[in-house]
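Each remark here refers to the structure printed beneath this line.
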Amino acid sequence: MNFFLLTVLQAFWLLLPSAVANIIPVLVKHINFLNIPLDFGYKLGSHPLFGVHKTFRGFFFGILSAIVIILLQRMIESITSVHGILDYTALSLSSLLLLGFLLGFGTLFGDLIESFIKRRLVIKPGAPFFPFDQIDWILGSLFFASFVVQLNLLFILVALVLYGFLHPLANLLGYYLKIKKNKF
């Protein structure tokens, strides 16, 4: 297989749990479980630290979804015997669970950092903040995933470009399905 194509497939496969973790908080917003703002309503100056949209519920379900997706990926790999992309079957269960946790946490942590910056710049929640809306979660998940898997610069760049383009498409789909209020 072409080296570049393999890198694209690896980036897609590795960050798939992160992409799901990034979407899940919007999908579970009507669940009251852990519907507590991460900043507990604390303000820095006259602006919220993160805002009411960043909740323990989103973190819980986002991380849980990343773990579930990575376990499903491992099952797919073991059933199909496809080990050319990323071989999750080679990881111990504890390493796999840790990677799923770190991908989910990194995704939401990256988004939290972006929210913190947006609040300091007095940008409303949900308002566009290009290009950070597209890459915050990618950078966060790659940073935390690097504690378990080895990533090189080409892989990081491919992941940023690939999911940087897929993210607005997912937002557009969410908008047309009436899950999101903004197109981008």
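The values are calculated or read from the model by the stated rules, or taken from the named source; none is laboratory data. Everything numeric in this text was worked out from a predicted model, so none of it was measured. Virtual Cβ from ideal backbone geometry, glycine too; neighbours counted across all protein chains shown.
Laid out as a table, the results:
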read-out: Of the criteria (1) farther than 26 Å from Leu64 by Cβ; (2) in a helix (DSSP H, G or I); (3) touching a residue at least 24 places away in the same chain (Cβ under 8 Å), which one Pro128 fails; value: (2)
read-out: Condition met for Phe105 (surrounded by 14 or more Cβ atoms within 10 Å (Cβ to Cβ), assigned to a helix (DSSP H, G or I), free of Cβ contacts under 8 Å to residues at least 60 places away in the same chain and in contact with a Gly (Cβ under 9 Å, 6 or more places away or on another chain)); value: yes
read-out: Of all residues making up region 108-125, the number that are more than 16 Å from Phe59 (Cα to Cα) and either in a helix (DSSP H, G or I) or at pLDDT 95 or above (or both); value: 4
read-out: Lone qualifier among Phe60, Phe50, Phe12, Phe33 - being over 20 Å from the mean Cα position of the chain (by Cα) and either assigned to a loop (DSSP other than H, G, I, E, B) or touching a residue at least 24 places away in the same chain (Cβ under 8 Å) (or both); value: Phe33
read-out: Answer from Leu34, Leu91, Leu38 - the residue that is more than 25 Å from His167 (Cα to Cα), hydrophobic (A, V, I, L, M, F, W, C), surrounded by 12 or more Cβ atoms within 10 Å (Cβ to Cβ) and touching a strand residue (DSSP E or B) at 6+ places or on another chain (Cβ under 8 Å); value: Leu34
read-out: Among (1) exposed (fewer than 14 other Cβ atoms within 10 Å of the Cβ); (2) modelled with pLDDT of 85 or more; (3) of a type in the set (A, V, I, L, M), the one test that Leu97 misses; value: (1)
